[in-house]
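Enquirer: Right, I'll just put the structure down here and ask away after.
The values are calculated or read from the model by the stated rules, or taken from the named source; none is laboratory data. All figures in this text were calculated on a predicted structure; none of them were measured in a lab. Please note: Cβ atoms are built from the backbone with ideal geometry, for glycine as well, and neighbour counts cover all protein chains shown. Heavy atoms of the whole protein, side chains included, go into the accessibility calculation; ligands, DNA and RNA do not. Shrake-Rupley method; radii C 1.70, N 1.55, O 1.52, S 1.80 Å.
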Amino acid sequence: VQLQASGGGLVQAGGSLRLSCAFSGSSFSSYGMGWFRQAPGKEREFVATITWSGGSTSYADSVKGRFTISRNNAKNTGYLQMDSLKPEDTAVYYCALRRGYSGSSHAQDYGYWGQGTLVTVSS
């Protein structure tokens, strides 16, 4: 299993970005997926998670209503749409997969991680 995150960049506050997480391997649809982020000097934190089918999602309170997690199992790709970005959203964003069909907000539940993509939001 390999994950490749992309789509990060520099954006002004209030702007939008869409992150992608490309999966290489078999049976992408049998994994739950999550997005996490790590800001400079801070611990990695949960952002959003989605079940194998995309039927259920969950978000951190800090991004609820602004970010949307989704996936396209036919394309082996997951997404994180980020709208109304704030400077405090600046971080390296990581996608992750966990065996099983459910999502999780706990980083230790995930066995596969992408390399991270940097999102910088200027004020």
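Enquirer: Of the residues L17, L80, L97, which exhibits the maximal mean-square fluctuation in a Gaussian network model of the chain defined by a 10 Å Cα contact cut-off?
Expert: Greatest mean-square fluctuation among the candidates belongs to L17.
Enquirer: Can you give the FRET efficiency for H106 and L10, using 1/(1 + (r/R0)^6), R0 = 22 Å, r = Cβ-Cβ distance, to the nearest 0.05?
Expert: The value I calculate is 0.15.
Enquirer: Accessible area per residue, 1.4 Å probe, Å², for the chain: what's the number?
Expert: 49
Enquirer: Along Cα→Cβ, 7 Å out, is where each label goes; now give me the distance between the ones at K75 and A22 in nm to one decimal.
Expert: In this crude label model, K75 to A22 measures out at 1.2 nm.
Enquirer: What FRET efficiency do you get for R66 and E43 if R0 is 25 Å and r is their Cβ-Cβ distance, rounded to the nearest 0.05?
Expert: That pair, R66 with E43, gives E of 0.75.
Enquirer: Sticking with this structure for a sec: Out of the total accessible area of the chain (probe 1.4 Å, heavy atoms of protein only), what percent is carbon and sulfur?
Expert: Taking all protein chains in place, the chain shows 45 percent carbon and sulfur surface.
Enquirer: What is the chain's relative contact order, in percent, from Cα pairs under 8 angstrom and six or more apart in sequence?
Expert: Result for the chain is 37 percent.
Enquirer: Still on this structure, I have one more. Could you please put W113, W35 in sequence from largest to smallest accessible area, using a 1.4 Å probe?
Expert: W113, W35
Enquirer: What residue among D89, D109, D61 shows peak mean-square fluctuation when the chain is described by a Gaussian network model with Cα springs under 10 Å?
Expert: In the Gaussian network model the winner is D61.
Enquirer: From the P(r) of the chain, can you give the percent of Cα pairs sitting at distances over 22 Å?
Expert: Every Cα pair in the chain considered, those over 22 Å come to 25 percent.
Enquirer: If Lys and Arg each add +1 and Asp and Glu each add -1, what is the summed charge of the other residues whose beta carbon sits under 13 Å from the beta carbon of S105?
Expert: Charge balance near S105 sits at +1.
Enquirer: While we're here: Hey, in the GNM for the chain with a 10 angstrom Cα cutoff, which one of S27, S105, S16 fluctuates hardest?
Expert: The residue with the greatest mean-square fluctuation here is S27.
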